[in-house]
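Report on the following structure.
The values are calculated or read from the model by the stated rules, or taken from the named source; none is laboratory data. Just so it is clear, the structure is predicted and the values come from calculations on it, not from any experiment. Cβ placement follows ideal geometry from the backbone for every residue including glycine, while neighbour counts extend to all protein chains displayed. Just the protein is used for accessible areas: all its heavy atoms, side chains included, with ligands, DNA and RNA removed. Shrake-Rupley method; radii C 1.70, N 1.55, O 1.52, S 1.80 Å.
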Amino acid sequence: MTRPSLLAVSHGTSDVDGARSIAALVARVAERLPDVEVREAFVDVQQPDAPSALAGIDARAVIVPLLLSQGFHVHHDLHGMVAERADAVVTDPLGPDALLAEVLAMRLDGIGHPGSPVVLAVAGSRDERSVPDAEGTATLLRDRTGRRIDLAYLAARHPDLPTALAAAPDAVVATYLLGRGYFFDLAVRQAGEHPITPPLLDDLLADQGIPDALVDLVVARYERAHSG
């Protein structure tokens, strides 16, 4: 029997580098799953929008949110659009997960002083379900690195990044964002002189710009939903 299609849904961005990196991740996933139709869609900014993309799939589908936490887009947009589709399912978002902590630790390697505390810069959401996901990632990164990890939010919640950095003046900023775009530019501005890591996906990097661990994570979300 034909395997379900994989619809990879990200937020969308007007940043050319960020959009290209997301597309590169989806392409890598397609290479890993040669027997699966892999499509890309978005909840905002870019096209095709997720409902239109799903409507174009006339068979079973697994929707993998390329989003880092629970929130409005996952529960309202994505679960809402499959409510009338018995042949479609939405997986968990990407985070929190040990594979994301692995990528964050890799990005931190060589940035600033190895013993410095880390401020994990999260986009932030008004949806309460996003909070334990952000805290879970901070815990996973703390366990992975053995370093002090403080949380900061770039929107919607507190502490904001400048406040967190004022409390940890020797800190390094770990960017917990999927790619370049508005929030990454904001984090760079607010970090000031503090060292800051690239986002999780950044094909401007010479090595592991599209980390193997992130490809593994998307594939695992799909396989788990398909087998379940």
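So which helices (runs of 4 or more DSSP H) stay within the range 68-171 end to end and still have 1 or more residues that are over 23 Å from PRO211 (Cβ atoms)? Per the criteria, 130-145, 161-167. Within the set LEU100, LEU120, the sole residue that is touching a residue at least 40 places away in the same chain (Cβ under 8 Å), open to solvent by less than 20 Å² (accessible area, probe 1.4 Å), in contact with a strand residue (DSSP E or B) (Cβ under 7 Å, 6 or more places away or on another chain) and of a type in the set (A, V, I, L, M, F, W, C) turns out to be LEU120.
The C-beta contact set for the range 140-157 (first residue at pLDDT 95 or above, second residue open to solvent by less than 60 Å² (accessible area, probe 1.4 Å) and acidic (Asp, Glu), distance under 8 angstrom, 6+ apart or interchain) comprises LEU140/ASP97; ALA152/ASP160; TYR153/ASP160; LEU154/ASP160.
Residues in the range 14-65 that are touching a residue at least 60 places away in the same chain (Cβ under 8 Å) and part of a loop (DSSP other than H, G, I, E, B): SER14, ASP15, LEU33, VAL36.
Checking the range 46-69 against the condition returns no match, with no residue being more than 17 Å from VAL90 (Cβ to Cβ), within 15 Å of the chain's Cα centre (by Cα) and open to solvent by 70 Å² or more (accessible area, probe 1.4 Å).
Candidates are the residues of the range 217-228 that are out of contact with any helix residue (DSSP H, G or I) (no Cβ under 6 Å at 6 or more places or on another chain) and over 14 Å from SER10 (Cβ atoms); the one that is most open to solvent (accessible area, probe 1.4 Å) is ARG224.
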